[in-house]
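The values are calculated or read from the model by the stated rules, or taken from the named source; none is laboratory data. Because the structure is a prediction, the values reported are computed rather than measured. Here the Cβ positions follow ideal geometry from the backbone for every residue, glycine too, while neighbour counts run over all protein chains shown.
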Amino acid sequence: MASALRLLPTASLLSSRRFAATGFNSVRCYSTAKSQSLKDRLRELIPEKQAEVKELRAKYGSKVMGETTVEMMYGGMRGIKGLVWEGSVLDADEGIRFRGYTIPECQKLLPTAEGGEEPLPEALFWLLVTGEVPTVEQVKSLSQDWAARSAIPSYVEDLLDRCPNTLHPMSQFSLAITALQHESSFAKAYQSGVPKSQYWDYTFEDANDLIAKLPNIAARIYRNVFKDGKVPEVNPNLDWAANFAHLLGYKDPKFLELMRLYLTIHSDHEGGNVSAHTTHLVGSALSDPYLSFAAGMNGLAGPLHGLANQEVLRWTMKMREQVGAEATDEDIKNFLWKTLKSGQVVPGYGHAVLRKTDPRYTCQREFALKHLPTDPLFKLVGQIYNIAPGVLTEHGKTKNPYPNVDAHSGVLLTHYGFVEQDFYTVLFGVSRALGVMNALIWDRALGLPLERPKSLSTAYLKKMLEGK
Ligand code: CMX
């Protein structure tokens, strides 16, 4: 494990404006006993946060946060401020901050595996839940806790083993998560009439169980569809990402580092994206965390959202097939235009909120520059990065001609022999659990109600607008 010293944040990091920007009152480091469990720490934080929110609502409850235009109503509600999401905030130009920390800051501050450089996803989860940078001991205990919770029931194994290999891995993933609902502590507690003030406790248990079991579910799908169908035992001494790689059948320490980075950066991207918002929306009906997450995963499986990582690699391979290994810039430009003129989107480019290169793309590019600088596919992706923004700008439709997270991940995975593109979105899904489960715990802790925005028909709108 990294030395404790490495975890101490610098004064400049702590004093930065980002804490004000996220709305989280403070980021505390080393304020807790080194061995305190995540749940114990959360139990202390919840009353503070409840009081903070109560005061905010009493003081500013009637304050207007923005306006809704007719264009927004027909335009996918872009820019409407209608959700509270504690874990992360996305800035159009700067990208994501997890509890106030940028990705490079997380890479500097969060504990790593022994000898590693990338943050452990468990550490990111701790940060998302508490707003605090965890100690090495705290992260280690969370790794052990998740390893201990990781087994999946035999009926879920049987269910997956019976799926046809042609059923998309994301459909299998969603199916298994829905079936796992049988285990929900929250659903059982709700049926037995537990008071609302305790909802968060059972949600916390489900959230941790679910996160812990996802590597076993995902690896079973991977091994069934693409390998020999045999899944090894979880190793209680490994961290969550390393265990996942082990279950999938990958041993290269660099691939383990890639998994740690991958599972950290795909976790959370504020609340409005389809997978996050869906999980939150379904959870608002007090559907338990399994049902809520399965719904979110069905949204992640869409090609405009998480499935784009699979689409990017397919598209890049197709390009390589057509233009050859030594593609000129002109070849790439022509292929981009061909894609656009055929009415397709360029996968991995554009974003509903971002207006600059996604820092999740940048950190994957940096990983590639460090570990696989001469990989031919990485070179091609770099070449596309130089050309695509110009073509998309000239095309004139997309508001953001720069790459998003999905433009890079497939190349890194392919380098390490992970070539099964249909599985890529499942990896995204395993990571996304960290962000949306944190949000669901806080939804329950803050007692957020059933979500129910107002909708209008075009006829009603016309009547309102034209006075008819
Ligand atoms: N290639 C071609 N056209 C694009 C484009 C792209 N990469 N990105 C946006 N456009 C088009 C849109 O389709 C839209 O066209 P129409 O007016 O004909 O409908 C127009 O540009 C305006 O869209 P926008 O406001 O810039 O983008 P949206 O907020 O509507 O959509 C996104 C965002 C991500 C769906 C879109 O950029 C896209 O389809 N990108 C490719 C798919 C992708 O990479 N998705 C992954 C996003 C990250 C993630 O969630 O994982």
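For the stretch 406-422, a residue qualifies if it is over 18 Å from the mean Cα position of the chain (by Cα) and either hydroxyl-bearing (Ser, Thr, Tyr) or on the phi > 0 side of the Ramachandran plot (or both), and the qualifying residues are 414, 416, 417. Of all residues in the stretch 304-323, those that are within 20 Å of residue 415 (Cα to Cα) and acidic (Asp, Glu) have Cβ atoms under 6 Å from Cβ atoms of residues that are within 11 Å of the ligand (Cβ to nearest atom) and modelled with pLDDT of 95 or more, 6 or more apart or on another chain, in 311/303; 311/347. If you go through the stretch 299-311 and keep only what is within 9 Å of residue 406 (Cβ to Cβ), near the ligand (Cβ under 7 Å from one of its atoms) and hydrophobic (A, V, I, L, M, F, W, C), you end up with just 308. Checking each residue in the stretch 300-314 for being assigned to a helix (DSSP H, G or I) and surrounded by fewer than 21 Cβ atoms within 10 Å (Cβ to Cβ) picks out only 314. Does the stretch 272-290 hold any residues that are in a helix (DSSP H, G or I) and either more than 16 Å from the ligand (Cβ to nearest atom) or polar (S, T, N, Q) (or both), and which are they? Once the filter is applied, which keeps residues that are in a helix (DSSP H, G or I) and either more than 16 Å from the ligand (Cβ to nearest atom) or polar (S, T, N, Q) (or both), the stretch 272-290 yields 275, 278, 279, 281, 282, 283, 284, 289, 290. Residues of the stretch 227-236 that are over 13 Å from residue 151 (Cα atoms) and without any contact (Cβ under 8 Å) to a residue 60 or more places away in the chain: 227, 228, 230. Taking each residue of the stretch 332-351 that is on the phi > 0 side of the Ramachandran plot and modelled with pLDDT under 95 and looking for partners that are surrounded by 13 or more Cβ atoms within 10 Å (Cβ to Cβ) and of a type outside the set (Phe, Trp, Tyr) with beta-carbon atoms closer than 8 Å, six or more apart or interchain, yields nothing. Being touching a residue at least 24 places away in the same chain (Cβ under 8 Å), in contact with a Ser or Thr (Cβ under 7 Å, 6 or more places away or on another chain), farther than 24 Å from residue 451 by Cα and aromatic (Phe, Trp, Tyr) is a condition met by at least one residue of the stretch 247-270.
For the stretch 382-397, does any single residue satisfy the condition of being of a type in the set (D, E, K, R), without any contact (Cβ under 8 Å) to a residue 40 or more places away in the chain and in a helix (DSSP H, G or I)? Within the stretch 382-397, one or more residues are of a type in the set (D, E, K, R), without any contact (Cβ under 8 Å) to a residue 40 or more places away in the chain and in a helix (DSSP H, G or I).
To keep it simple, each residue is scored yes or no on (1) without any contact (Cβ under 8 Å) to a residue 40 or more places away in the chain; (2) among the acidic types (Asp, Glu); (3) within 16 Å of the ligand (Cβ to nearest atom).
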{"position": "48", "(1), (2), (3)": "yes, yes, no"}
{"position": "53", "(1), (2), (3)": "no, no, no"}
{"position": "64", "(1), (2), (3)": "yes, no, no"}
{"position": "74", "(1), (2), (3)": "yes, no, yes"}
{"position": "81", "(1), (2), (3)": "yes, no, no"}
{"position": "88", "(1), (2), (3)": "no, no, yes"}
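Selection of first residues in the stretch 444-468 that are under 30 Å from residue 200 (Cβ atoms) and touching a residue at least 24 places away in the same chain (Cβ under 8 Å) and of second residues that are surrounded by fewer than 12 Cβ atoms within 10 Å (Cβ to Cβ) and β-branched (Val, Ile, Thr), restricted to Cβ pairs under 8 Å at least 6 apart or on distinct chains, gives an empty result. Against the condition surrounded by 13 or more Cβ atoms within 10 Å (Cβ to Cβ), out of contact with any His (no Cβ under 6 Å at 6 or more places or on another chain), of a type in the set (S, T, N, Q) and closer than 27 Å to residue 113 by Cβ, how does residue 224 come out, does it pass? For residue 224, the condition - surrounded by 13 or more Cβ atoms within 10 Å (Cβ to Cβ), out of contact with any His (no Cβ under 6 Å at 6 or more places or on another chain), of a type in the set (S, T, N, Q) and closer than 27 Å to residue 113 by Cβ - is not met. Given the criteria closer than 24 Å to residue 305 by Cβ and without any contact (Cβ under 8 Å) to a residue 40 or more places away in the chain, does residue 179 qualify? Against the criterion (closer than 24 Å to residue 305 by Cβ and without any contact (Cβ under 8 Å) to a residue 40 or more places away in the chain), residue 179 qualifies. Of everything in the stretch 411-455 that is of a type in the set (Val, Ile, Thr) and in a helix (DSSP H, G or I), the residue that is nearest to the ligand (Cβ to nearest atom) is 425. Scanning the stretch 318-334 for residues that are within 16 Å of the ligand (Cβ to nearest atom) and out of contact with any Asp or Glu (no Cβ under 9 Å at 6 or more places or on another chain) returns 318, 332, 333, 334. Please work out which residue is surrounded by the fewest Cβ atoms within 10 Å (Cβ to Cβ), limiting yourself to the stretch 362-410 and to residues that are within 14 Å of the ligand (Cβ to nearest atom) and of a type in the set (D, E, K, R). Checking each candidate, the answer is 397. Restricting to the stretch 335-361, and then to whatever is touching a helix residue (DSSP H, G or I) at 6+ places or on another chain (Cβ under 8 Å) and assigned to a helix (DSSP H, G or I), can you tell me which residue is nearest to the ligand (Cβ to nearest atom)? My answer is 340.
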